[in-house]
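Enquirer: Shown below is the structure under consideration.
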């Protein structure tokens, strides 16, 4: 199940947001050893102040198993403002139809929870949630800064994307910027690979409110 949290309903989900930041700290700081900002038991950066949309994946029992963050590229975003080297000299990406996905993470204790085709269930559900939301909002593309390991995982999920430029080593990570076209065919392919039937968004109304501040 996918839940969308944004500026319109953020105050309704303080515990869910806190759990997401704790998950990010466990994944990015504790496990991956990235150079990220930690406040107590939570990972939070200034892009969390830019009115993002959060996409959270929950197990049937209601436990958080993964999350990611979406930001319109017309405003602050990691690719243009923090990692422009990954654009390979190309112009900044600033478009109302292109949003950026960042802070993609899966609960380490359930990372091996896979479908019969070995696709991680929570990861596939998150990507399908992005696809459903992107289609509802009329987006043309999703861009992301990721590492080459996750890039391979996206390919296994039926979502190969297109490199914007060549990878660069940033700290201990071989990072790369990737773009996906938001299309019904891509969403259908991801769902077929992950053996997901029907919509993944828990609340259809959340689609209509996703742009709300």
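Enquirer: Within the stretch 1-21, whose backbone N sits under 15 Å from a point 7 Å along Cα→Cβ of residue 34?
Expert: 20-21
Enquirer: With a bin width of 10 angstrom, please list the P(r) values of the chain as percents of all Cα-Cα pairs, from the 0 bin to the one holding the largest distance.
Expert: In order of increasing distance, the bins hold 8, 36, 41, 14, 0 percent.
Enquirer: Whole Å is fine, so just give me how far the alpha carbon centre of the stretch 1-77 lies from that of the stretch 156-177.
Expert: 21
Enquirer: Now for a different question. Pick from 46, 174, 21: which residue has the top mean-square fluctuation in a GNM of the chain where Cα pairs under 10 Å get a spring?
Expert: 46
Enquirer: In nm, what is the difference between 0.36 nm times the number of residues separating residue 188 and residue 16 and their Cα-Cα distance?
Expert: Values: separation 172, 0.36 × 172 = 61.92 nm, distance 2.86 nm.
Roughly 59.1 nm would be gained on extension.
Enquirer: Hey, in the GNM for the chain with a 10 angstrom Cα cutoff, which one of 146, 120, 82 fluctuates hardest?
Expert: For the chain, modelled as a Gaussian network with Cα springs under 10 Å, the answer is 82.
Enquirer: Let me ask you something else. Each label point is 7 Å from the Cα along the Cα-to-Cβ direction; what then is the distance between the points at residue 97 and residue 1, in nm?
Expert: Calculated label separation equals 3.5 nm.
Enquirer: For the chain, what relative contact order do you get, as a whole percent, if you take Cα pairs closer than 8 Å and at least 6 residues apart? Before the final figure, lay out the partial values.
Expert: Details: 382 pairs, mean separation 48.5, N = 213.
After rounding, I find 23 percent.
Computed from the coordinates by the stated procedures, all read-outs in this text should not be read as laboratory data. All values reported here derive from a predicted model rather than from experimental measurement. When we count neighbours, we look across all protein chains shown, and the Cβ atoms used for this are built from the backbone with ideal geometry, even at glycine.
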